[in-house]
Amino acid sequence: MFGILSTRLLNISIQSFCKARQLKTAESVIIDGIRLGVLPDVVTYNILIDAYSRLVGFDAAYSLLHRMRQSNINPDVITYNSLIAGAARNCLLSKSLDLFDEMLQIGISPDVWSFNTLMHCFFKLGKPEEANRVFADIILRDLTPCAATFNIMINGLCKNGYVSHALMLFRNLQRHGFVPDLVTYNILINGLCKDGRLAAARRTLKELGASGYVPNAITYTTVMKCLFRSRKFEQGFEVLQDMRDKGYTFDGFGYCTVAAALIKSGKVEQATGYMEQMINSGIKHDLVSYNTLINLNCKEGNLEVAYQLVDEMEKDGLECDQYTHTILVDALCKTGNVQGAQQHVKHMEAMGFNSQLVALNSVVDGLCKVGEIDHALKMVQSMETRDSFTFSSLIYNLSKARRFRHASQLLLSCLRSGMKILPAAKRAVIDGLRYSGFQGEARKLKSKIQLARKVHR
């Protein structure tokens, strides 16, 4: 009885040190325990394997199996589950499968968590069919799936682009008596939002409210952010109001989501108010909130304040990311300082940011706005990557400069290659030709645009 109690206390101590990330101290406690006659058991090593897997690496965790065998301690299903989970975290699919086979070979029967972990690994590597086979294997082995099993399936299907399948599974499970929890609803709502199925997401949100569960801030923020991204600002603000009516408070992410949406919809004063509320509520600034504030000040033309925020952010130990620099490049272009924007792009290249497409698009548009269209054309030709925004900007600005023939040639070339051009750029070319007296050319261009659209449907 004394030995059992002592080993249990030993394991509690080791668990505490592992949670505190003090693996060396945990190892010292084991050595001291052995000297006092308190021997480790399989639970001791399971704690260590999980800690080594998370904090050091898979190989270090796997090497503990050898120590266990030297101590005549047999691994159990929890041991292998921890190792499989460690391999999955590092996307070592072959190692996860090997461990699963090894477990079977030494006579350890996998439990539902073994299958859950393997299923998660397959989904993480973009192999939903294999994950589905693992799910079927759980049923065939007469194991009882838990809520986590279904959550892994629904989440994995959503993240791999099978949102309709996830929704079908969700409904089938409900018909067979499964009562989804808040986590399940949040996973499904997030998947529907990212797939652009906003109506279905809002219906699921209402269903969640009627189910007896109370949607949390994560639920509301997920739907709200998706609506804002789809530029459905009014619906997004309705969700926001519903959230506030129910007494939810924002975290930093929530405040930044709302402020960013308000900036995009041109409601800069309201955005400023939300960021002030965030500061007054005592939420510490992170990179996202700093970027939101920098963007806010750039939109208001307060470039000096924006750069002060950059300095403040760096003093707080945060590094500017690509988005920070892109905001500043765009702001410099908007104020007509295109030369300064170009220098900033070179600074980004020197810092190792590989893709500056958004920043370069701002410079192209900025050059056009200050009348340097030929310079912009040369710049576009030298760019390694170009997208629909690059060419839409060029076409629009060529039209504004009354270079309609060049604009129409570029427009048709883009459409024939399958590239989508913004409607505003198309209208600028057609309207420019029409109002300049080239009615026939405007009609011909319009029919060619329609033909190109049919070809690339």
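The values are calculated or read from the model by the stated rules, or taken from the named source; none is laboratory data. The shown structure was predicted, so the numbers you read here are calculated from the model rather than taken from an experiment. For neighbour counting, all protein chains shown are included, and Cβ atoms are generated from backbone atoms with ideal geometry for every residue, glycine included. Just the protein is used for accessible areas: all its heavy atoms, side chains included, with ligands, DNA and RNA removed. Shrake-Rupley method; radii C 1.70, N 1.55, O 1.52, S 1.80 Å.
What FRET efficiency do you get for H375 and Y435 if R0 is 45 Å and r is their Cβ-Cβ distance, rounded to the nearest 0.05?
Values: r = 27 Å, r/R0 = 0.60.
Between H375 and Y435 the formula returns 0.95.
Relative contact order (percent) for the chain, with alpha-carbon contacts under 8 angstrom and 6 or more residues of separation? Write out the running numbers ahead of the final one.
Numbers: 495 pairs, mean separation 23.1, N = 457.
About 5 percent, as a whole number.
At q = 0.15, 0.16, 0.20 Å⁻¹, what is the log10 ratio I(q)/I(0) for the stretch 256-412, with the Debye formula run over Cα points and no solvent?
Cα-only, vacuum Debye calculation for the stretch 256-412: -0.84, -0.93, -1.24.
Kindly identify the stretch 115-217 as rounded, prolate or oblate by the Cα gyration tensor criterion: order the square roots of the eigenvalues as a ≥ b ≥ c, call it rounded if a/c is under 1.5, otherwise compare a/b with b/c, prolate if a/b is larger, else oblate. Don't jump to the answer; show the numbers that get you there.
Details: a/c = 2.16, a/b = 1.41, b/c = 1.53.
Because a/c hits 1.5 or more and a/b fails to exceed b/c, the stretch 115-217 counts as oblate.
Can you give me the pair-distance distribution of the stretch 301-350, C-alpha pairs, 5 Å bins, whole percents?
Once binned at 5 Å, the Cα pair distances of the stretch 301-350 give 5, 21, 29, 27, 14, 4, 0.
Quick check: Cα centre of the stretch 254-277 to Cα centre of the stretch 398-440, how many Å?
First find each Cα centre; the distance between them is then 35 Å.
Could you work out Rg/(2.2 N^0.38 Å) for the stretch 14-111, with Rg from alpha carbons only?
Numbers: Rg = 13.4 Å, N = 98, 2.2 N^0.38 = 12.6 Å.
Dividing the Cα radius of gyration by 2.2 N^0.38 Å gives 1.07.
At a Förster distance of 41 Å, what's the computed FRET efficiency of S230 paired with D76, Cβ-Cβ distance as r, to 0.05? Could you put the intermediate results ahead of the total?
Values: r = 49 Å, r/R0 = 1.20.
With R0 = 41 Å, the Cβ-Cβ based efficiency is 0.25.
Hey, what's the chain come to in accessible area per residue, 1.4 Å probe, Å²? Walk me through the numbers on the way to the answer.
Working: 24680 Å² over 457 residues.
Per residue, the chain has an accessible area of 54 Å².
For H347 and I139, calculate 0.36 nm times their separation in residues minus their Cα-Cα distance, and state this gained length in nm to one decimal. Please report the intermediate quantities before stating the final value.
Numbers: separation 208, 0.36 × 208 = 74.88 nm, distance 5.68 nm.
The H347-I139 span can extend by a further 69.2 nm.
If I take every Cα pair under 8 Å that is 6 or more residues apart in the stretch 71-181, average their sequence separation and divide by the length, what percent do I get for the relative contact order? Mind showing how you got there, number by number?
Values: 105 pairs, mean separation 22.3, N = 111.
Relative contact order, the stretch 71-181: 20 percent.
Given the C-alpha centroids of the stretch 16-93 and the stretch 295-323, what is the distance between them in whole angstrom?
Cα centroid of the stretch 16-93 versus Cα centroid of the stretch 295-323: 45 Å apart.
Just want to confirm a number: the relative contact order over the stretch 226-383, from Cα pairs under 8 angstrom separated by 6+ residues, in percent. Provide the component values of the computation, followed by the final result.
Numbers: 134 pairs, mean separation 21.9, N = 158.
The normalised contact order for the stretch 226-383 reaches 14 percent.
Out of A424, S447, F150, whose Cα points farthest toward the positive end of the dipole of the chain (charges: +1 Lys, Arg; -1 Asp, Glu; placed on Cβ)?
In the chain, that residue is S447.
What distance in nm separates the two pseudo spin-label positions at Y307 and F178, each 7 Å out from Cα along the beta-carbon direction?
For Y307 paired with F178, the spin-label model returns 5.6 nm.
Return the long-range amide H neighbours of Y248 (sequence gap of 5 or more, or a different chain), with a cut-off of under 5 Å between placed amide H atoms.
It is none; the list stays empty.
Over 18 Å between Cα atoms: which of K264/K299; K95/K124; K369/K446 fall into that group? Working shown, then result.
Details: K264/K299 10 Å; K95/K124 14 Å; K369/K446 26 Å.
The pairs that break the limit, which is 18 Å between Cα atoms, are K369/K446.
In the set (i) 35; (ii) 18; (iii) 14, which value of percent of Cα pairs over 44 Å apart was calculated from the structure you see?
After the calculation, the listed value that fits is (i).
Give me the percent of the accessible area of the chain that comes from carbon and sulfur atoms, probe 1.4 Å, all protein chains in place. Don't skip to the answer; put the middle values down first.
Values: 12940 of 24680 Å².
Answer for the chain: carbon and sulfur cover 52 percent of the accessible area.
If the label point is 7 Å along Cα→Cβ of K446, which residues in the stretch 378-420 have backbone nitrogen under 17 Å from it?
Hits in the stretch 378-420 for K446 at 17 Å: 408, 412.
Tell me, what HN-Hα J-couplings in whole Hz come from the Karplus equation 6.51 cos²θ - 1.76 cosθ + 1.60 at θ = phi - 60° for each residue of the stretch 176-190, using x for Gly and Pro?
Result, ordered by residue: 9, x, 6, 9, x, 9, 4, 4, 4, 4, 4, 4, 5, 4, 4 Hz.
Using only helices, what value at 222 nm comes out for the chain when you add -39,500 (n - 2.57) per DSSP H run of length 4 or more and divide by the total residues, to the nearest 500 deg cm²/dmol? Don't jump to the answer; show the numbers that get you there.
Working: 27 runs with 344 residues, N = 457.
Calculated mean residue ellipticity at 222 nm is -23500 deg cm²/dmol.
Does the stretch 83-161 come out rounded, prolate or oblate by the C-alpha gyration tensor, with a ≥ b ≥ c the root eigenvalues, rounded set by a/c under 1.5 and, if not, prolate when a/b is larger than b/c and oblate if not? Numbers along the way, then the final one.
Details: a/c = 1.96, a/b = 1.19, b/c = 1.65.
It comes out oblate by the Cα gyration axes.
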